[in-house]
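Visitor: Sending over a structure as structure tokens; questions will come in a sec.
The values are calculated or read from the model by the stated rules, or taken from the named source; none is laboratory data. If you're wondering where the values come from, they're calculated on a predicted model, not measured in any experiment. Cβ atoms come from the backbone with ideal geometry, glycine included; neighbour counts cover every protein chain shown.
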Ligand SMILES: [Zn+2]
Ligand SMILES: [Zn+2]
């Protein structure tokens, strides 16, 4: 049997076990950087296939790395995510973990024939923690030549934008006063917050397509009969590119400063760095698509009507050729990432089927990156051009 055939056979042979691993992670959702059960489950499963995982990585307790194959050649990383949201595995990261594990199990079946190395990278805290950003900074990806993962969705797409994002917190400081007896003595920090929202809504007229600004009030005052001395709002700001994000964020901060001026308050601005936009490598994505087609999975290269969020895979895509394709685990309109309904689909036979298809396409793409130097060179050339 051919080596690709042996890769697929190994995944099929382990399918029930791989699904069980994913289901156990689904049944015990853990928030960012608390994914101890998931890491234990995944690294124990790796041991069962004779693969040793190293942890912690990059100073992160719930990051891990396992590698195998021939020395001296290129290294290709397959990334696992496994953190959940407060409403459970509503982003389906249990399937991402299961697909990465399955791909590696397939490749391990031909480990003695690989001219390069396969690296399974366990990346925690995607939901707001930026585990990959931290791992990149700590050098965990320094020796990797290309990287890939898959994400569950309501449709199957080879590429889809992911927005550059950051979080901005505004803390307004006013002066408290009795709201009925002496309102003229106070300056309402809450008014500063409310005017910030209004000014941002005004500014939306001028933003480029793909810009997203959404906020919540995290402190709106303590009592209705006290003019709030302190109030706070937190915004997520997103745009198609890192450069556009900088312009939008500058404008958002000016809105808060103007609100402070108009309300006689003072505002502290705290900007927390987020993720870079995703620059999908088309050379790799199209090869992944060819494998999906062979597996009988229908897909679109892209779909302008699809929604998009942000991912710390964006930062990886700035560092090396990388892909983040999506596979449907439900139909359009049935559920979307982060909804309660998506939790159910992430533990549905259809979800596990998508997980195994993604695993097979990733394993074959990885195999070809390691064994076809011209393919890896083309992916690198595309990356160099788009980052030139
Ligand atoms: Zn998510
Ligand atoms: Zn996600």
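Visitor: Hey, does the stretch 260-282 have a residue that's over 30 Å from residue 215 (Cβ atoms), part of a helix (DSSP H, G or I) and away from ligand 2 (no atom under 15 Å from the Cβ)? Spell out the reasoning first.
Guide: Of the residues in the stretch 260-282, the ones over 30 Å from residue 215 (Cβ atoms) are 281-282.
Then keep just the ones that are part of a helix (DSSP H, G or I); that gives 282.
Still in the running and away from ligand 2 (no atom under 15 Å from the Cβ): 282.
Yes, there is a match, as at least one residue in the stretch 260-282 is over 30 Å from residue 215 (Cβ atoms), part of a helix (DSSP H, G or I) and away from ligand 2 (no atom under 15 Å from the Cβ).
Visitor: Just give me the residues in the stretch 203-224 being outside any strand (DSSP E or B) and either touching a helix residue (DSSP H, G or I) at 6+ places or on another chain (Cβ under 9 Å) or more than 18 Å from residue 239 (Cβ to Cβ) (or both), in sequence order.
Guide: Within the stretch 203-224, 203, 206, 207, 208, 210, 211, 220, 221, 222, 223, 224 qualify.
Visitor: Which one is surrounded by the fewest Cβ atoms within 10 Å (Cβ to Cβ) among residues in the stretch 348-388 that are out of contact with any strand residue (DSSP E or B) (no Cβ under 9 Å at 6 or more places or on another chain) and farther than 26 Å from residue 6 by Cβ?
Guide: So the residue we want is 388.
Visitor: Moving on. Which number in (1) in the same structural domain as residue 311 (by TED's automatic domain parsing); (2) at positive phi; (3) without any contact (Cβ under 8 Å) to a residue 60 or more places away in the chain marks the one condition that residue 221 misses?
Guide: Against the list (1) in the same structural domain as residue 311 (by TED's automatic domain parsing); (2) at positive phi; (3) without any contact (Cβ under 8 Å) to a residue 60 or more places away in the chain, residue 221 comes up short only on (1).
Visitor: I'd like to know if the stretch 293-308 contains one or more residues that are at pLDDT below 95, within 24 Å of residue 124 (Cβ to Cβ) and outside the structural domain of residue 215 (by TED's automatic domain parsing).
Guide: Within the stretch 293-308, one or more residues are at pLDDT below 95, within 24 Å of residue 124 (Cβ to Cβ) and outside the structural domain of residue 215 (by TED's automatic domain parsing).
Visitor: So is residue 200 part of a strand (DSSP E or B) and crowded, with 21+ Cβ neighbours inside 10 Å or not?
Guide: The answer is no for residue 200.
Visitor: Still on this structure, please answer the following. Where in the stretch 31-142 are the helices (runs of 4 or more DSSP H), entirely inside, with at least 2 residues that are surrounded by fewer than 19 Cβ atoms within 10 Å (Cβ to Cβ) and within 16 Å of ligand 1 (Cβ to nearest atom)?
Guide: Those helices (runs of 4 or more DSSP H) do not exist here; none qualify.
Visitor: In addition: Quick one: is residue 334 farther than 20 Å from residue 99 by Cα and either in the same structural domain as residue 91 (by TED's automatic domain parsing) or touching a strand residue (DSSP E or B) at 6+ places or on another chain (Cβ under 7 Å) (or both)?
Guide: On the way: farther than 20 Å from residue 99 by Cα: yes; either in the same structural domain as residue 91 (by TED's automatic domain parsing) or touching a strand residue (DSSP E or B) at 6+ places or on another chain (Cβ under 7 Å) (or both): yes.
Judged against the criteria, residue 334 is a match.
Visitor: I'd like to check something: does the stretch 35-57 contain any residue that is away from ligand 2 (no atom under 14 Å from the Cβ) and closer than 20 Å to residue 295 by Cβ?
Guide: no
Visitor: Same structure again: Can you tell me which residues in the stretch 299-335 are within 16 Å of ligand 2 (Cβ to nearest atom) and in a loop (DSSP other than H, G, I, E, B)?
Guide: 306, 307, 308, 309, 310, 311, 312, 324, 325, 329, 330, 335
Visitor: So, residue 152, is that one farther than 15 Å from residue 34 by Cβ, modelled with pLDDT of 95 or more and within 16 Å of ligand 2 (Cβ to nearest atom) or not?
Guide: Numbers: farther than 15 Å from residue 34 by Cβ: yes; modelled with pLDDT of 95 or more: yes; within 16 Å of ligand 2 (Cβ to nearest atom): yes.
Criteria met by residue 152.
Visitor: In the stretch 337-347, which residue that is in a helix (DSSP H, G or I) and touching a strand residue (DSSP E or B) at 6+ places or on another chain (Cβ under 9 Å) is surrounded by the fewest Cβ atoms within 10 Å (Cβ to Cβ)?
Guide: Here is the first cut: in the stretch 337-347, the ones in a helix (DSSP H, G or I) are 340-345.
If we keep only those that are touching a strand residue (DSSP E or B) at 6+ places or on another chain (Cβ under 9 Å) too, we end up with 340, 342-343, 345.
Numbers: 340: 10, 342: 25, 343: 22, 345: 25.
If we take residues in the stretch 337-347 being in a helix (DSSP H, G or I) and touching a strand residue (DSSP E or B) at 6+ places or on another chain (Cβ under 9 Å), then 340 is surrounded by the fewest Cβ atoms within 10 Å (Cβ to Cβ).
Visitor: Output the number of residues of the stretch 256-275 satisfying the condition of being over 14 Å from residue 174 (Cβ atoms) and in contact (Cβ under 8 Å) with a residue 60 or more places away in the chain.
Guide: 8
Visitor: Among the residues that make up the stretch 161-184, is at least one of them out of contact with any helix residue (DSSP H, G or I) (no Cβ under 9 Å at 6 or more places or on another chain), touching a residue at least 24 places away in the same chain (Cβ under 8 Å) and within 16 Å of ligand 1 (Cβ to nearest atom)?
Guide: Yes, the stretch 161-184 contains a residue that is out of contact with any helix residue (DSSP H, G or I) (no Cβ under 9 Å at 6 or more places or on another chain), touching a residue at least 24 places away in the same chain (Cβ under 8 Å) and within 16 Å of ligand 1 (Cβ to nearest atom).
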